[in-house]
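The values are calculated or read from the model by the stated rules, or taken from the named source; none is laboratory data. Not measured: the values here are computed from a predicted model. Here Cβ is always computed from backbone atoms with ideal geometry, including for glycine, and neighbour counts include all displayed protein chains.
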Amino acid sequence: MAVGAAGYRYRPETVDRISEILGAARTAGVPVVARGSGCSYGDAALVPEGLVLDLSKMRRLLAWGPASGIVDVEPGVTVEQLWRHTLGDGWWPPIVTGTMEPSIGGCLSMNVHGKNNWVRGTMGDHCLELDLLTPDGGLRTLSRETEPELFHAVIGGFGQLGLVTRARLQLKRVHSGLTEAKAMAAPDLGSLLQRLDDAKDDWEYVIGWVDAFPGGGKLGRGLLHFARHLEADEDPDPGASLNPANQDLPGTLFGVVPKTMMWRMIKPFTNNLGMRAINLAKIFHGSTIADGAVYRQSLAAFSFLLDYVPDWKKIYLPGGLIQHQSFVPAAEAERVFSRQLEICRRRGMPSYLGVLKRHRPDDFLLTHGVDGFSLALDFPVVEARRDELWTMVRELADPVVAAGGRFYPAKDAALPGELYRASFRNGEIEAFCGLKRRLDPDGLLRSSLATRLLGE
């Protein structure tokens, strides 16, 4: 096998084939980066003059225990593939992202979280064991009991210590395919944070949407959504609601407009004036909802909001988008997030979408978890203001570091590496880089993201 074409992509289907490709790349001195579903907003699956190892064809469910809820999967299995296989037996992934497209291997490599982080933690918290193919071609089985140090470094380690070829996950028992959800409006950031915090122990899922446009007394106003799983005796027909076919999202808007066209309808509004109007409309609609209104929604409908608009990222063409997501201790959240929103307003680059979540810490080495809140801010990339946008990201990150906060590499494309490293104060970066040098002394596994953030 010849290796050397810059940016060449391989799509192996077996562990042996991956090992063969790694061996050839090592001999040729070509760096390798793993790619799952390509859902990261940043440079996690990019490497200059290297080889992309696309694991999307490794998507077999290797073993399923409907009595235990334990499943073994290959790294290319998607969140959608997983829940469609298990929901009929009464099991749901304990952690899901805002879209059902990510691969499980990618989810573990970034240690993703969902709307229920305070209750369930991260994806890594529900991984029982994994098989890791190391750069030297060795295959190791890791768990909290066997090689715990490496286990906690691989999860959330950007795929830099080896390639996950199998993951064993513990799923969550559910008795219905429905949720009970509640919506609530909040007039400002302080109220939004407080109501989110008050709800964290009573609801499985808690999430807030932030209108980033107004200032003054309306700074950070928004809407909150909470949800919990129904119990078996609350669902009149659990057999029907647990049927994956009944979880499908509607294909049209108002029963008329194909959802495949929605991004084209939204695109003309993808500017400051248009997005201000859309956010104002959302606020108005939210204010018409009775405070604390409760309704029922399918698991898929509540969980996968991004999938309501297929190809939604196209609204940001031609420049695309970046996201900045910061995690701040609870006591500092209002101060830091208020400052971030004011920075965006001052520079005339307000976030088009702001999402607020409640979080808890975890024990993974490069964790983003804190006992506090996260705020994710989406920005369009306009070529004429690209440099200013990257400068603003640094401005947004400075108060996070000062407050003892963290960042989320899965969504990041612009965070300066020195600020990422400064957010770890107990030798975590040094420990991770030590493992990297031991397992991958030649730097075979490499990505633009890891090089930028870790500096190696």
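When VAL79, VAL47, VAL73, VAL52 are checked against the criterion of being of a type outside the set (Phe, Trp, Tyr) and closer than 25 Å to LEU224 by Cα, VAL79 stands alone in meeting it.
Yes/no per residue for (1) under 24 Å from CYS39 (Cα atoms); (2) among the aliphatic types (A, V, I, L, M); (3) in contact (Cβ under 8 Å) with a residue 12 or more places away in the chain:
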position	(1), (2), (3)
PHE373	yes, no, yes
GLU395	no, no, yes
VAL401	no, yes, yes
GLY404	no, no, yes
CYS433	no, no, yes
LYS436	no, no, yes
ASP442	no, no, yes
ALA450	yes, yes, yes
LEU454	yes, yes, yes
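Within the set LEU22, LEU46, LEU55, LEU61, the sole residue that is crowded, with 23+ Cβ neighbours inside 10 Å and in contact with a helix residue (DSSP H, G or I) (Cβ under 9 Å, 6 or more places away or on another chain) turns out to be LEU55. Once the stretch 299-320 is narrowed to residues that are crowded, with 18+ Cβ neighbours inside 10 Å and touching a strand residue (DSSP E or B) at 6+ places or on another chain (Cβ under 7 Å), the residue that is farthest from VAL174 (Cα to Cα) is TYR316. Do you know which of the residues in the stretch 79-107 that are of a type in the set (Asp, Glu) and outside any loop (DSSP other than H, G, I, E, B) is surrounded by the most Cβ atoms within 10 Å (Cβ to Cβ)? It comes out as GLU80. Report the residue count in the stretch 371-405 for those that are among the small types (Gly, Ala, Ser), in a helix (DSSP H, G or I) and buried (at least 21 other Cβ atoms within 10 Å of the Cβ). Residues that pass the stated criteria total 1. The sole residue among GLY76, GLY38 that is touching a strand residue (DSSP E or B) at 6+ places or on another chain (Cβ under 8 Å) and either in a loop (DSSP other than H, G, I, E, B) or of a type in the set (S, T, N, Q) (or both) is GLY76.
Residues in the stretch 221-258 that are touching a strand residue (DSSP E or B) at 6+ places or on another chain (Cβ under 6 Å), of a type outside the set (A, V, I, L, M) and over 21 Å from LYS172 (Cβ atoms): GLY222, THR252, PRO258. The set of residues in the stretch 187-218 being out of contact with any strand residue (DSSP E or B) (no Cβ under 6 Å at 6 or more places or on another chain) and either of a type in the set (Ser, Thr, Tyr) or crowded, with 21+ Cβ neighbours inside 10 Å (or both) consists of LEU189, SER191, LEU193, PHE213. When VAL52, VAL71, VAL33 are screened for being within 23 Å of ASP307 (Cβ to Cβ) and assigned to a strand (DSSP E or B), only VAL71 passes. Consider GLY434 carefully, then state whether it is surrounded by fewer than 15 Cβ atoms within 10 Å (Cβ to Cβ), within 21 Å of GLU149 (Cβ to Cβ) and either assigned by TED's automatic domain parsing to the domain that holds HIS113 or not β-branched (Val, Ile, Thr) (or both). For GLY434, the condition - surrounded by fewer than 15 Cβ atoms within 10 Å (Cβ to Cβ), within 21 Å of GLU149 (Cβ to Cβ) and either assigned by TED's automatic domain parsing to the domain that holds HIS113 or not β-branched (Val, Ile, Thr) (or both) - is met.
When the stretch 274-298 is filtered for residues that are surrounded by 14 or more Cβ atoms within 10 Å (Cβ to Cβ), without any contact (Cβ under 8 Å) to a residue 24 or more places away in the chain and not small (Gly, Ala, Ser), only ILE278 remains.
Applying the condition of being more than 19 Å from LEU219 (Cα to Cα) and of a type in the set (Gly, Ala, Ser) to the stretch 275-304 and asking which residue is farthest from the chain's Cα centre (by Cα) yields ALA290. Within the set ILE155, ILE104, ILE95, the sole residue that is within 15 Å of the chain's Cα centre (by Cα) and more than 30 Å from TYR352 (Cβ to Cβ) turns out to be ILE155.
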